[in-house]
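Right, one structure below, let's go through it.
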Amino acid sequence: MGRRVVCLLGFIAACSGAPSDTDSTAWPTASAAATEAPPPGSVTPPVAHDPSWAACATRRSALEKEAALPGVPALADQAIHFARVRSRPTLWRRAPKTPAELEKLAKGKRSSVRLVRGIKSLLDRRGGAAERRATILSEGYLFADEAQMAVALTSQVNLVRLFEEPTLFLERGVDTYELARMPQTKVDAERYAYKGGAFDGERAEILFGDRVATSKDELASNPPLVVDLGDLVASLDADRLRPVRFTESALAADVRYGPGTWVPAVFAVSGAKATLACEALTPELATAKSQFVESHRLLRKALPRVREVVRHMVRERIPFDADDDETNGYLRGAWQRAYLAGWKTFAFSGESHDVYGPHGAPLPPEVCIDFLADVWERSSGSWYRAASGDPLTPKPERTKGGIDVDALGISNRRSVAAFTDYAQRHADLFDVWPIPVDERVPFSKRGEFFEYLAERADMFRPLDMITVGGLNEDGHPHYHSLIVLEVDPLTGIPTLVASNASYPREQSLEGILSISPKRTLRHRIRVTDAWLQAVVDAPAP
């Protein structure tokens, strides 16, 4: 593409090529940040009147002379492409030992189709679950040191094929989840489900970098190989992290508070947890950090509420508004008439549909742009009241919150094009970035696609909405819209998005765009503080 590739150290899962004990400049630098900050490993001389800054700088300089952990050097050159993989962002102490058959597969079959077939073959082999997981898991981890192999593993491996025990324990960064094996029902296949906590009852999945064991003692007897970078960045007010030196008990890293503001820092490390020990803040850096933190205050406060609403919508499995080519998009109107009339079911195109879910949650059918509008309305307190009681008794009412998309006067709120056009004309509510035509890389060119996202990483942040357009595999125009939930703390690439594509789901860009890989990103739509404030001011659900 002729574009400069941004690669922030490749620390998505490893330290890249551990330097010698004395040469801290051996670490690769971030090309995009070369003019923004000193290269990783360098510390500006302390300011004489700022003893705390000087103390942290001294502590970091000492840390950079300690022996570094080996990490997983093979991942360094693929940091950008690991954004394709569903995972908790992590830093690896070392690579887990890969089973011989899996390693042979990774080296011998390079195309994605062959890798998928090879993994299916390992999962379909005769023998018990213990034998299958012995060929798939690396010291209990779902792991590969090559992005294409990691994508294939996460797309094919499920817990039911690897375990038969009634209870499992899944370790994902700093979090450990208890899982219970659930029998097949009319709705769900046999599965493992989360037991307790925020995800209670939901189907459990195994992501890249997860470790699974049959007991807590098994996990405790082997300290984790990873440090949870997602948890680390979430504990800060920063938007990016650049590891410099990783030892058994500490991490030296540069922390970014917006473009151009990289702050040298030291973190204490214990197990999978990293905790900020100190930052070497000059007065200038302190001012820049303060300005960034204040400018993103509403975003950080609104994000948990929006994430919670998305989780509810995923659990409720709100249906997609599609019947056939003639009636696609009309189901929601029929549902709303039935809801306001106090019905529990209604007929449409000769089929019966439920107004409520099994626990009383309203189920207004959505097209993709409805999902985004519903997320924002519901996050602000605007939503349909649930049915309650036993048996369920409808109480039709729409609560009024701070956001009402109907009140905006959009010509067709159910059209991606009409919504985008409105957003472009109302800078008081939206900040729209149209992706230039000559920068629209089709997802089918995955390498170039993710390199472009890394190059343009500062144009995306959590809660941004993205429109996607192009031709599907049948040659017909196919448009979609989604909301960004997470970006990688190392590269800035969006790694977790949510949308309603057949049903509400959280996915990687790989997961949603691979359906029609000829499509390209068209617009990034960002809400302004007015909508963020409406979410922050909303009463607790």
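The values are calculated or read from the model by the stated rules, or taken from the named source; none is laboratory data. What you are looking at is a predicted structure, and each value in this text was computed from that prediction instead of being measured. Using ideal geometry, Cβ is built from the backbone for each residue, glycine included, and neighbour counts are taken over all protein chains shown.
Worth a mention:
Yes or no, residue by residue, for (1) farther than 30 Å from ARG398 by Cβ; (2) touching a Ser or Thr at 6+ places or on another chain (Cβ under 6 Å); (3) surrounded by 20 or more Cβ atoms within 10 Å (Cβ to Cβ):
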position: VAL263; (1), (2), (3): yes, no, yes
position: PRO283; (1), (2), (3): yes, no, no
position: LYS301; (1), (2), (3): no, no, no
position: PRO304; (1), (2), (3): no, no, no
position: HIS312; (1), (2), (3): no, no, no
position: LEU331; (1), (2), (3): no, no, yes
position: ALA334; (1), (2), (3): no, no, no
position: SER352; (1), (2), (3): no, yes, no
position: PRO362; (1), (2), (3): no, no, yes
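- Matching residues in the range 235-250 - criterion: being touching a strand residue (DSSP E or B) at 6+ places or on another chain (Cβ under 9 Å) and farther than 26 Å from GLU66 by Cβ: ASP239
- The set of residues in the range 325-384 that are touching a residue at least 12 places away in the same chain (Cβ under 8 Å), among the small types (Gly, Ala, Ser) and touching a strand residue (DSSP E or B) at 6+ places or on another chain (Cβ under 7 Å) comprises ALA334, ALA338, GLY360, GLY381, SER382.
- Matching residues in the range 367-400 - criterion: being among the acidic types (Asp, Glu) and modelled with pLDDT of 95 or more: ASP370, ASP374, GLU377, GLU397
- Among residues of the range 389-402 that are closer than 11 Å to TYR356 by Cα and hydrophobic (A, V, I, L, M, F, W, C), those with a Cβ under 7 angstrom from a residue that is outside any loop (DSSP other than H, G, I, E, B) and at pLDDT 95 or above, sequence gap 6+ or separate chain, pair up as LEU392/TYR356.
- Condition check for ASP217: part of a helix (DSSP H, G or I) and exposed (fewer than 15 other Cβ atoms within 10 Å of the Cβ): yes
- Qualifying residue in the range 399-411 (condition: within 17 Å of LEU482 (Cα to Cα) and buried (at least 16 other Cβ atoms within 10 Å of the Cβ)): yes
- Qualifying residue in the range 163-175 (condition: crowded, with 16+ Cβ neighbours inside 10 Å, at negative phi and polar (S, T, N, Q)): no
- The range 502-517, subset assigned to a loop (DSSP other than H, G, I, E, B) and over 18 Å from PRO442 (Cβ atoms), residue farthest from the chain's Cα centre (by Cα): SER502
- Subset tally (residues that are of a type in the set (A, V, I, L, M, F, W, C) and in contact with a helix residue (DSSP H, G or I) (Cβ under 7 Å, 6 or more places away or on another chain)) for the range 93-136: 10
- The range 456-483 - residue that is touching a helix residue (DSSP H, G or I) at 6+ places or on another chain (Cβ under 6 Å) and either in a strand (DSSP E or B) or more than 24 Å from VAL375 (Cα to Cα) (or both) and, of those, modelled with the lowest pLDDT: HIS480
Residues are listed down the side, and each one gets a yes or a no for (1) in contact (Cβ under 8 Å) with a residue 40 or more places away in the chain; (2) under 26 Å from ALA274 (Cβ atoms); (3) within 21 Å of the chain's Cα centre (by Cα):
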{"site": "VAL113", "(1), (2), (3)": "no, no, no"}
{"site": "VAL116", "(1), (2), (3)": "yes, no, no"}
{"site": "THR135", "(1), (2), (3)": "no, no, no"}
{"site": "ASN158", "(1), (2), (3)": "yes, no, yes"}
{"site": "THR176", "(1), (2), (3)": "yes, yes, yes"}
{"site": "ASP200", "(1), (2), (3)": "no, no, yes"}
{"site": "ALA204", "(1), (2), (3)": "yes, yes, yes"}
{"site": "ASP210", "(1), (2), (3)": "yes, yes, yes"}
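- Applying the criterion of being part of a helix (DSSP H, G or I) and among the hydroxyl-bearing types (Ser, Thr, Tyr) to the residues of the range 48-97, the residue that is nearest to SER444 (Cα to Cα) is SER61.
- Once the range 98-141 is narrowed to residues that are part of a helix (DSSP H, G or I) and β-branched (Val, Ile, Thr), the residue that is surrounded by the fewest Cβ atoms within 10 Å (Cβ to Cβ) is VAL113.
- Flag if PHE267 is assigned to a strand (DSSP E or B) and without any contact (Cβ under 8 Å) to a residue 60 or more places away in the chain: yes
- Selected residue (criterion: surrounded by the most Cβ atoms within 10 Å (Cβ to Cβ)) from residues of the range 471-510 that are small (Gly, Ala, Ser) and closer than 14 Å to PHE82 by Cβ: GLY492
- Residues satisfying the stated conditions in the range 228-243, i.e. under 17 Å from the mean Cα position of the chain (by Cα) and in a strand (DSSP E or B): ASP228, ARG240, LEU241
- Filter result for VAL432 (of a type in the set (A, V, I, L, M, F, W, C), within 20 Å of the chain's Cα centre (by Cα) and modelled with pLDDT of 95 or more): no
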